[in-house]
Amino acid sequence: MASPHRPTVSTRSYDGHERRHAHDHHQIVLPVAGTLDMEVGGACGRVGDGRGVLVADGVPHSFRSGGTNRFVVLDVPAAGLVPEAAVRACDAFFAIDGALDGLVRYLAAEAADRPLDPVLAHHSAGLLLRALEARQPPPLSDDPIDRALALMAERCTEPLTVAELAEAAGLAPSRFHERFRARTGSTPAAMLADLRLDRAEALLREGRLPLAEVALAVGFSDQSALTRSLRRRRGTTPGAVRKSR
């Protein structure tokens, strides 16, 4: 595929056929509806459910989607818009927070019928790439609590134990608990609960998954467990969060 001379922004839908290729420009795919299963340079993931993907130029990738779907796609020249190191530093798959989701919805509306005009596409692509660069996690710290926090953010939907976190931090469980509380003002269990609820609320506001699937996706045993945790810790319910979007 020929490299664009300037950024382009359009909306696209994909059929159920799996395809594999590489191109000589960067590409960012952002979900509007449905999901797209992708493998990018050996990393597998899904675009959708609050996640997008950045495919750097020259990186082989495959993709396949089923059912109704729509995505905002930015094709960006491999040089000139942002430093190459910034693109390479970004993980292929990235989370879409509230601010990025607002940008995605705006681009989807503006490019619903035809690609954005070149000036708007250039500014939109630059804004998005810099936003992704800013959201990259800092280099892994030597601090044991930083290591534990990084593990919690990565695996908060799994049944992590204090013993596993302490091991990752290189501390005895009792010493880990003491240092964690002194550093964060919270306990590991409370921090994990808050991380899970943050992700649950994001999925609920998206409105694409049934409540039971949201609960399982963020590590709760069932919908009732999620409801109890939201009511106890945040004074709300899954239904109320969904209506607030």
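What the table below lists for this structure:
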| quantity | calculated |
| --- | --- |
| Out of Ser221, Ser186, sole residue that is among the hydroxyl-bearing types (Ser, Thr, Tyr), within 23 Å of the chain's Cα centre (by Cα) and over 22 Å from Arg51 (Cβ atoms) | Ser221 |
| Test: Ala212 is closer than 20 Å to Phe94 by Cβ, surrounded by fewer than 17 Cβ atoms within 10 Å (Cβ to Cβ) and hydrophobic (A, V, I, L, M, F, W, C) | no |
| Failed item in (1) in the same structural domain as Gly48 (by TED's automatic domain parsing); (2) under 23 Å from Ser244 (Cα atoms), with Ser124 passing the rest | (2) |
| Meets criteria (surrounded by fewer than 19 Cβ atoms within 10 Å (Cβ to Cβ), among the basic types (Lys, Arg) and touching a strand residue (DSSP E or B) at 6+ places or on another chain (Cβ under 8 Å)) for Arg181 | no |
| Which listed residue is more than 26 Å from Gly34 (Cβ to Cβ), β-branched (Val, Ile, Thr) and either surrounded by fewer than 18 Cβ atoms within 10 Å (Cβ to Cβ) or over 23 Å from the mean Cα position of the chain (by Cα) (or both), from Thr157, Thr236 | Thr236 |
| Qualifying helices (runs of 4 or more DSSP H) (wholly inside segment 167-245; at least 3 residues being over 28 Å from Val104 (Cβ atoms) and out of contact with any His (no Cβ under 7 Å at 6 or more places or on another chain)) | 173-184, 188-206, 223-234 |
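The values are calculated or read from the model by the stated rules, or taken from the named source; none is laboratory data. Every value quoted in this text rests on a predicted model; they were computed, and no experiment measured them. When we count neighbours, we look across all protein chains shown, and the Cβ atoms used for this are built from the backbone with ideal geometry, even at glycine.
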